[in-house]
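First comes the structure, then the notes that go with it.
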Amino acid sequence: VSDGERLPAEFRFERVAIIGVGLIGSSLSHALRANGFSGPIAIGDRNGEALRVAAELGLGTSFHVSAAKAVAGADMVLLCIPVGAMGSTARAIAPMLSPGAIVTDVGSVKGAVAQAVVPVLGRRFVPGHPIAGTEQSGPRAGFATLFQRRWCVLTPNRETDPAAVETVAAMWRKFGSDVEIMDIDRHDLVLAITSHVPHLIAYNLVRTAYDMEAVTEQEVIKFSAGGFRDSTRLAASDPTMWRDVFLNNKVAVLETLGRFCEDLAILQRAIRWGEGDQLFDVFHRTRAIRMGIIDAGQDTPAPDFGRPREHAAGTEPEEQPSFTGVRAR
Ligand code: NAP
């Protein structure tokens, strides 16, 4: 089949392998198809049930428990497994890769992934991270528009093949993402404060609420107000993925957490000593940051009091997790 007839110019590859068919892997399959990719998609996942569901949903053209078998013949390999599994998977697939195959990943941490994978795969590996996701996991959670109007960060090093970087960037642009090339340490630091530490705080807040002896579990659920409810949404995120994020972005997370604790102590002190001006000034500044996020198109100003509203991704509210008994957004 001639490429020109079958593939839109933007896809510079013919056969894809997706390793890990969870939220991100299944969304990539949907996005490929929705954007006109009609070549074979081999799915690799160690989880037999995930493979069965992926087959049922038609997410691929072949399904493999072995990642090495899945990548055979592919010229684009998408690693969509937890960060901690990237190195061993790279070693497993390396002998089976076609000579010109490009490999990229979607891991939420980039330094540790590059350290584990670049020595194995070399200049053909393009580290990537779509800043897009939900608190759901598994192959049923994916949808084609997940990456639209979202950033995708690529963190190549000086050795990475520039043509491979451009092929991967073009793929993400086709999915509607804005691509940013970033220094790897900078990525891990920025994500520590914008994503990793907020998740850690949410996990801890929900844990504390449930552990508080003076408050019953029923009260936590019944009176679940905005701030806490939003935290439960974050705290419902995949445990394996987030364990790996913290173990693999240790330096940046601990640095950010240290700063956070110092700033928290200042607020704590202001409350103790009745320093209202201090509190007001901080809250005033943070409100401006929220406005900046809305202006940048990263969220909408719509009020959200936990009432069902149309999910940005078109997901039915019924499909949202009900961790607290209150619908997650
Ligand atoms: P997920 O929904 O939990 O799915 C991961 C899938 O990969 C599961 O089926 C899992 O099987 C399988 N898997 C795990 N280790 C494997 C291995 N060694 N070989 C083959 N398959 C393996 O995960 P996800 O949320 O899509 O996350 C995937 C990656 O995307 C992670 O690196 C994460 O950091 C990154 N990411 C996630 C988000 C998000 O919001 N979720 C956003 C951006 C980037 P088991 O069930 O047996 O473990």
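The values are calculated or read from the model by the stated rules, or taken from the named source; none is laboratory data. As the structure is a prediction and not an experimental result, all values here were calculated from the model. Heads up, the Cβs are rebuilt from the backbone with ideal geometry, glycines too, and the neighbour counts pull from every protein chain shown. With ligands, DNA and RNA removed, areas are computed over all heavy atoms of the protein, side chains included. Shrake-Rupley method; radii C 1.70, N 1.55, O 1.52, S 1.80 Å.
Bridgeable lysines around residue 110 (alpha carbons under 21 Å apart, same-chain partners fewer than 8 residues away excluded): 250.
Using only alpha carbon pairs under 8 Å that are at least six residues apart, calculate the relative contact order of the chain and give it in whole percent. Relative contact order for the chain comes out at 15 percent. Computed over the Cα atoms of segment 120-249, the ratio of the radius of gyration to the Kirkwood radius (Rg/Rh) comes to 1.07.
Using bins of 10 Å that start at zero, the share of Cα-Cα pairs per bin across segment 1-149 amounts to 12, 45, 37, 6, 0, in whole %.
Solvent exposure of the chain, expressed per residue, is 53 Å² of accessible area, with all protein chains present and a 1.4 angstrom probe. Rounded to the nearest 10 degrees, the inclination of helix 197-211 to the longest alpha-carbon principal axis of the chain is 50 degrees. Of all the options 284, 129, 64, the one that moves most in a Gaussian network model of the chain with Cα springs shorter than 10 angstrom is 284.
Using the Cβ of residue 107 as centre and a radius below 12 Å, the other residues enclosed give a net charge of -2, where K and R count +1 and D and E count -1. Could you look at the chain and say what percent of its accessible area is carbon and sulfur, using a 1.4 Å probe and all protein chains? Result for the chain: 55 percent of the exposed heavy-atom area is carbon or sulfur. Count charges around residue 138 for me, please; just the other residues with Cβ under 11 Å from its Cβ, Lys/Arg as +1, Asp/Glu as -1. Taking every other residue near residue 138 into account, the sum is -2.
Placing a pseudo-label 7 Å from each Cα along the Cα-to-Cβ vector at residue 259 and residue 282 gives an inter-label distance of 1.5 nm. Please determine, in degrees from 0 to 90 and to the nearest 10, the orientation of helix 239-248 with respect to the longest principal axis defined by the Cα atoms of the chain, where the helix direction is its Cα long axis. With rounding to tens, the tilt is 90 degrees. Helix 276-295 and the long axis of the chain differ in direction by around 30°, with both axes built from C-alpha atoms.
Normalised by 2.2 N^0.38 Å, where N counts its residues, the alpha-carbon radius of gyration of segment 25-107 equals 1.02. Computed on the Cα trace of the chain, the radius of gyration divided by the Kirkwood hydrodynamic radius gives Rg/Rh = 1.00.
With a cut-off of 13 Å between beta carbons, the residues surrounding residue 188 carry a summed charge of 0, where Lys and Arg count +1 and Asp and Glu -1.
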